[in-house]
Amino acid sequence: MNNKSEMLTLLQDEFNRWEALLDSLSEPQITAPRFIASWSIKDVLAHLMAWQTRSIARLEATRMDKDPDFPRWPVQVDPDLLDNPDQTNAWIQETYRDTPWPEIHRAWIAGYQRFLQLAQAILEKDLLDPKRYSWMGSQPLMAVLQSSYDHHQLEHLEPILALLH
């Protein structure tokens, strides 16, 4: 994606799709373990919320032109290594397993809205320049927005919708 406005629209639409789904379900439906690896929808949202904190750290780093200050996770592997996130995901599930649904939902909403606000504040040229933020390696910052969209929509919402219907 090479257009900030379109990406922000996709992200907002994705948030709205999640909220529409969540509004259509009861709390017992949201907390029932019936999806991938016996996760509930609450577990999926806690997972998205936790990973979202790393994306927010990246976007916040742009405001001060410094390296991201990631949340400290007590896992032994680098959480950004996409080839094996299982240890990190297991830690996230264990950490938030007993957190009440309303708390997870509020935190996810607040984080998603913060993510959108931060993204809106970044100049499009800075989002698209792969050399602008050295801590992104050779990737433009837009990759953070794109991967967040893909993670919410392709990896989690679409499979949940398919299982519900």
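Computed from the coordinates by the stated procedures, all read-outs in this text should not be read as laboratory data. None of these values were measured; they are calculated from a predicted model. Please note: Cβ atoms are built from the backbone with ideal geometry, for glycine as well, and neighbour counts cover all protein chains shown.
Per residue of the chain, what 222 nm ellipticity follows from adding -39500 (n - 2.57) for every DSSP H run with n ≥ 4, rounded to the nearest 500?
-20000 deg cm²/dmol
What is the angle, in °, between the Cα long axis of helix 142-152 and the longest principal axis of the Cα atoms in the chain? Nearest 10 is fine, range 0 to 90.
10
Evaluate the relative contact order of the chain (contact order divided by residue number), counting alpha-carbon pairs under 8 angstrom at least 6 apart; express in whole percent.
Numbers: 142 pairs, mean separation 50.0, N = 165.
This gives 30 percent for the chain.
Any chance you could list P(r) for region 111-165, counting all Cα-Cα pairs in 10 angstrom bins from zero, rounded to whole %?
For region 111-165, the binned pair fractions read 22, 40, 26, 10, 1 percent.
Residue by residue through region 11-18, what is 3J(HN,Hα) from phi via Karplus (6.51 cos²θ - 1.76 cosθ + 1.60, θ = phi - 60°)? Round to whole Hz and write x for glycine and proline.
Once θ is set to phi - 60°, the couplings for region 11-18 become 5, 5, 4, 5, 4, 5, 5, 4 Hz.
Within 10 Å of each residue's Cβ, count the other Cβ atoms and sort M7, M142, M64 from fewest upward.
Values: M7 19, M142 22, M64 8.
So the ranking, lowest neighbour count to highest, is M64, M7, M142.
Please work out how much length the chain gains when fully extended from A20 to E158, using 0.36 nm per residue of separation minus the C-alpha to C-alpha distance, in nm with one decimal.
Details: separation 138, 0.36 × 138 = 49.68 nm, distance 1.34 nm.
Length gained between A20 and E158: 48.3 nm.
Among (i) -0.38, -0.46, -0.55, -0.85; (ii) -0.45, -0.53, -0.62, -0.86; (iii) -0.50, -0.59, -0.69, -0.94, which is the computed log10 I(q)/I(0) by the Debye sum over Cα atoms at q = 0.10, 0.11, 0.12, 0.15 Å⁻¹?
(i)
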